[in-house]
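A.B. asks: Sharing a structure with you now.
No value in this document is a laboratory result; all are computed from the given coordinates. Computed from a prediction, not measured in an experiment: that's the story for all the values here. So basically every Cβ, Gly included, is an ideal-geometry build from the backbone, and we count neighbours across all protein chains shown.
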Amino acid sequence: MAFHLTKHHGLGNDFLVLVTDDAVAASHREVWVERAQRWCDRRRGVGADGLLVALVGPDLLDAESGEPVDAVMTLVNADGSVAEMSGNGIRCLAQALAMAGVGSDSTIRVATDAGLRIVHHRPDPLGDPATLSASVDMGAAAAGPVADHEVAVSADDVPAATAAALGLDAERSATFDLGNPHLVMLVADPDLVDLVAAGSTHEAAYSSGINVHFVAPTHGEPDAVDMRVWERGAGVTEACGTGATAVARAVHDWGLTGPAVTVHMPGGDVTVDVGPTMTLHGPTTFIARVELDR
């Protein structure tokens with residue numbers, strides 16, 4: 001059996017996308033978990049942060065609202081865990097759907113495990129034919145989970161440099177729910193954080209896992225923050241769309257920015273409009289077509 005996929009990235013956060021009208025195949029999540037682990041492996045597979053499966057066809061409805069949608073999205077991380085939502089991933093999915101002629105000329109409605117998400121897309125303002133600019137209605141940034149355990153190490157027990165590397169010296173922190181969970185930590189300098197050690201340390205305090213983001217205001221730039229990412233199920237990534245949305249909510253609530261926030265990540269920049277519902281603006285870029293036989 002041949003699988004025809006496309007590969008895309010949103011600011012370096014890369015995904016394999018399969019568009020299918022086979023409802024039975026799309027519903028077999030345990031099969032996609034195995035395929036995601038195999039296909040997303042960067043040495044033995046194609047390589048990606050996750051696999052997106054988009055069921056398309058007539059009469060599809062969002063399970064929560066009952067509203068009609070153009071596609072139903074399943075997202076499996078590279079480690080095989082199923083994620084509710086990805087701000088970068090859904091932009092990649094929208095580009096794949098647009099390339100397949102799904103949705104209107106500029107709008108795609110997607111049912112996700114986090115609820116209905118609407119993506120508006122347009123050509124890249126810089127003229128790159130492989131890139132779309134997309135805006136996603138991310139819903140509300142609700143209060144996030146409470147830690148189930150104490151962080152294993154305390155700032156009082158380690159040297160200052162170690163505390164900074166582990167993010168233990170954070171001035172403030174907060175959790176948010178964007179359909180998936182996020183911990184935002186305000187630190188002096190995100191570049192001093194050891195993302196593998198710090199991300200895994202703080203995630204371990206949450207039994208269901210959590211995305212962890214280390215942020216600081218951008219020097220000399222109002223309404224902007226620098227962000228470094230540890231993603232549940234993927235590890236260190238260059239960008240995180242739902243994470244950037246949570247970060248924008250946090251820094252605005254802390255009085256550090258206005259309602260339009262630029263989030264600088266290693267993979268590039270997004271802007272987020274903060275309000276009762278959050279809107280994420282950023283690019284998505286087509287990389288390649290991929291054919292796999294198993």
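A.B. asks: Relative contact order of the chain, please, whole-number percent, based on alpha carbon pairs below 8 angstrom and at least 6 residues apart. Provide the component values of the computation, followed by the final result.
C.D. replies: Values: 720 pairs, mean separation 61.9, N = 294.
Averaging sequence separation for qualifying contacts and normalising by length gives 21 percent for the chain.
A.B. asks: Something else about it: Taking neighbour Cβ counts within 10 Å as the exposure measure, how do Asp49, Asp226, Asp41, Asp148 sort from fewest upward?
C.D. replies: On the way: Asp49 28, Asp226 20, Asp41 13, Asp148 10.
Listed from fewest to most nearby Cβ atoms, that is Asp148, Asp41, Asp226, Asp49.
A.B. asks: For the residues Asp21, Asp156, what sequence is obtained by ranking on other C-beta atoms within 10 Å, fewest first? Write down the numbers at each step before the final one.
C.D. replies: Details: Asp21 12, Asp156 7.
With the fewest neighbours first, Asp21, Asp156 line up as Asp156, Asp21.
A.B. asks: Calculate the dipole size of the chain relative to its Cα centre from +1 charges on Lys and Arg beta carbons and -1 charges on Asp and Glu beta carbons; express the result in debye to the nearest 20.
C.D. replies: Details: 17 positive and 40 negative charges, 147 e Å.
Dipole size: approximately 700 debye.
A.B. asks: Let me ask another. Find which of Ala147, Ser104, Ala188 sits farthest along the positive direction of the dipole of the chain, computed with +1 on the beta-carbon of Lys and Arg, -1 on that of Asp and Glu, about the Cα centre.
C.D. replies: Ser104
A.B. asks: What is the distance, in nm, between label points placed 7 Å from the Cα along the Cα-to-Cβ direction at Glu30 and at Leu192?
C.D. replies: About 4.9 nm separates the two model spin labels.
A.B. asks: Read phi for every residue in the range 5-19 and hand back ³J(HN,Hα) as whole Hz from Karplus 6.51 cos²θ - 1.76 cosθ + 1.60, θ = phi - 60°, with x for Gly and Pro.
C.D. replies: Values per residue, Gly and Pro as x: 10, 10, 10, 9, 9, x, 6, x, 7, 9, 9, 8, 10, 10, 9 Hz.
A.B. asks: What spacing in nm lies between the two simple spin-label points modelled at Arg122 and Asp21, each 7 Å away from Cα in the Cβ direction?
C.D. replies: Between Arg122 and Asp21, the simple spin-label model gives 3.2 nm.
A.B. asks: Counting DSSP beta bridges in the range 142-275, what percent are antiparallel, to the nearest 5?
C.D. replies: 75 percent
A.B. asks: Still on this model: Grab the beta carbon distance between Glu291 and Val236, set R0 = 41 Å, and tell me the FRET efficiency rounded to 0.05.
C.D. replies: Computed FRET efficiency for Glu291 and Val236: 0.90.
A.B. asks: Another question about this same structure. For the range 142-275, give the magnitude of the charge dipole about the Cα centre (Cβ charges: +1 Lys/Arg, -1 Asp/Glu; no others), in debye to the nearest 20.
C.D. replies: Working: 4 positive and 19 negative charges, 53 e Å.
Once rounded to the nearest 20, the dipole reads 260 debye.
A.B. asks: With runs of 4+ DSSP H residues as the only contributors, calculate the mean residue ellipticity of the chain at 222 nm using -39,500 (n - 2.57) per run, divided by the residue total and rounded to the nearest 500.
C.D. replies: Computed mean residue ellipticity for the chain: -5500 deg cm²/dmol.
A.B. asks: OK, next. In the chain, if the dipole is taken from +1 on Lys/Arg beta carbons and -1 on Asp/Glu beta carbons about the Cα centre, which of Thr74, Val24, Ala161 is farthest to the positive end?
C.D. replies: Highest projection toward the positive end goes to Val24.
A.B. asks: Still on this structure, please answer the following. Once you have the Cα-Cα distance between Thr218 and His149, take 0.36 nm times their residue separation minus that, and quote the gain in nm to one decimal.
C.D. replies: Computed gain between Thr218 and His149 is 21.7 nm.
A.B. asks: Provide Cys240, Cys92, Cys40 in ascending order of the number of other Cβ atoms located within 10 Å of each residue's Cβ, fewest first.
C.D. replies: Cys40, Cys92, Cys240
A.B. asks: Could you check how many percent of all C-alpha pairs in the range 1-101 are farther apart than 15 Å?
C.D. replies: 59 percent
A.B. asks: In whole Hz and in residue order, list the ³J(HN,Hα) couplings for the range 61-77 that follow from phi through the Karplus curve 6.51 cos²θ - 1.76 cosθ + 1.60, θ = phi - 60°; x for Gly and Pro.
C.D. replies: Values, residue by residue: 10, 6, 4, 7, 8, x, 7, x, 9, 8, 7, 10, 9, 10, 10, 10, 5 Hz.
A.B. asks: Let me see the P(r) profile for the chain: every Cα-Cα distance counted, bins of 5 Å, each bin given as a percent of all pairs.
C.D. replies: Calculated P(r), rounded to whole percents: 1, 6, 13, 17, 18, 17, 13, 8, 5, 2, 1, 0.
A.B. asks: Here is a follow-up. Could you give the distance between the Cα centres of the range 19-73 and the range 222-294, to the whole Å?
C.D. replies: Here the answer is 22 Å between Cα centres.
A.B. asks: List the residues whose amide H sits under 5 Å from the amide H of Ala140, counting only those 5 or more places along or on another chain, with H placed 1.01 Å from N in the peptide plane.
C.D. replies: Placed amide hydrogens put Met278 under 5 Å from Ala140.
A.B. asks: Let me know the whole percent of all Cα-Cα pairs from the range 142-275 that are separated by more than 25 Å.
C.D. replies: 17 percent
A.B. asks: I'd like the antiparallel share, as a percent to the nearest 5, of DSSP beta bridges with both residues in the chain.
C.D. replies: Around 80 percent of the beta bridges assigned by DSSP in the chain are antiparallel ones.
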